[in-house]
Amino acid sequence: AYGTLPRPVRAACDALTDRIEASPDGFIKLDTAGVLADARRRVAGFVHVEHDELVLVPNTSHGVAAVLRSFEWEEGGVLIGGACLCIWAAFVPTLRVGC
């Protein structure tokens, strides 16, 4: 998750930044939906799922919270944490709200 971007990725990021900065309002109003749809299609192909089975989220915490909220939790239900339980502590309020 941390480190230097590969050069082709950096070049693509720079090109997208240039495109956005050339016309920020136009990009947001006219291009964002298409760019995100294209990204979903590309990532879906990479992970071998249909594009409508894939959701892009702003960050990992948002994604984990969305998944936790998608379960039908019942009293006494158990969530087994992974290797770093300290990360799960951030989601305790989400679980208490009643996902």
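Inside the range 67-80, residues that are under 25 Å from LEU56 (Cα atoms), at pLDDT 75 or above and open to solvent by less than 100 Å² (accessible area, probe 1.4 Å) make up a count of 4. Exactly one condition in (1) more than 19 Å from the chain's Cα centre (by Cα); (2) surrounded by 11 or more Cβ atoms within 10 Å (Cβ to Cβ) is not met by VAL64; state its number. It is condition (1) that VAL64 fails. So which residues in the range 22-61 are farther than 29 Å from LEU79 by Cα, open to solvent by 90 Å² or more (accessible area, probe 1.4 Å) and not hydrophobic (A, V, I, L, M, F, W, C)? Matches in the range 22-61: ASP25, LYS29, ARG41, ARG42.
The values are calculated or read from the model by the stated rules, or taken from the named source; none is laboratory data. Since this is a predicted model, take the numbers as computed values, not measurements. Positions of Cβ are backbone-derived with ideal geometry, glycine not excepted, and every protein chain shown enters the neighbour counts. Side chains included, ligands, DNA and RNA excluded: accessible areas come from the protein's heavy atoms. Shrake-Rupley method; radii C 1.70, N 1.55, O 1.52, S 1.80 Å.
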